[in-house]
Amino acid sequence: MPGKRPPRPFKLREEVFVAFLAPAVTAGISGLATHQSALAVAAPTSIGLTSAVVAAITGAILQRRGAARRSRRRLPAALAAGLTAGAIAAAVGLPASVLLPRLRIDLPVAAVLAATIVTWRWHGSASARPAAAHRGTTSPTRKDFA
């Protein structure tokens with residue numbers, strides 16, 4: 001397709017920055033618009049930091065696995081990692097929710113969203129390896145058999 005751009009390479013630093021900034025800004029604006037000071041305070045702290053930490057861990061694991069394991073078959077398993085991150089965050093947030101009740105909701109939601117989005121973007125990104133490294137992996141065409 002002539003109008004289709006090639007996928008961008010996956011850059012963990014950018015993904016972590018966006019994983020912090022996007023939920024922090026949206027939750028902060030929501031807190032200010034609805035006059036919920038607790039949400040405005042939680043935006044950069046529990047929501048933004050949880051998203052950044054989970055995005056960093058998830059992205060590092062995915063990069064370490066490499067481009068060879070990037071396939072459509074593995075996408076559901078990788079998205080399950082987002083649900084696992086949410087469950088772990090819920091387990092951490094439950095005892096902490098005695099002091100701060102918001103953590104029972106903030107941590108799991110931020111973790112699931114961050115892990116799922118980073119996984120999705122990693123699957124859609126370009127491989128870090130050059131095309132020449134994939135020699136011999138193309139399927140034969142009709143010309144090859146003629």
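The values are calculated or read from the model by the stated rules, or taken from the named source; none is laboratory data. What you are looking at is a predicted structure, and each value in this text was computed from that prediction instead of being measured. Glycine also receives a Cβ, built like all others from the backbone with ideal geometry; neighbour counts cover every protein chain displayed.
For F10, all conditions in the list (1) crowded, with 19+ Cβ neighbours inside 10 Å; (2) modelled with pLDDT of 90 or more; (3) of a type in the set (F, W, Y) hold save one; what is the number of the exception?
Condition not satisfied by F10: (2).
Exactly one condition in (1) touching a helix residue (DSSP H, G or I) at 6+ places or on another chain (Cβ under 8 Å); (2) at pLDDT below 80; (3) assigned to a helix (DSSP H, G or I); (4) farther than 14 Å from E15 by Cα is false for V112; which is it?
All conditions are met except number (2).
Scan segment 20-29 and tell me whether some residue there is buried (at least 18 other Cβ atoms within 10 Å of the Cβ), within 21 Å of T116 (Cβ to Cβ), in contact (Cβ under 8 Å) with a residue 40 or more places away in the chain and among the aliphatic types (A, V, I, L, M). Before the answer, list the steps.
Kept after step one, since they are buried (at least 18 other Cβ atoms within 10 Å of the Cβ), are these residues of segment 20-29: 20, 23-24, 27-28.
Adding the requirement that they be within 21 Å of T116 (Cβ to Cβ) leaves 20, 23-24, 27.
So of that shortlist, the ones also in contact (Cβ under 8 Å) with a residue 40 or more places away in the chain come out as 23.
Going one step further and asking which of them are among the aliphatic types (A, V, I, L, M), we end up with none.
There is no residue in segment 20-29 that is buried (at least 18 other Cβ atoms within 10 Å of the Cβ), within 21 Å of T116 (Cβ to Cβ), in contact (Cβ under 8 Å) with a residue 40 or more places away in the chain and among the aliphatic types (A, V, I, L, M).
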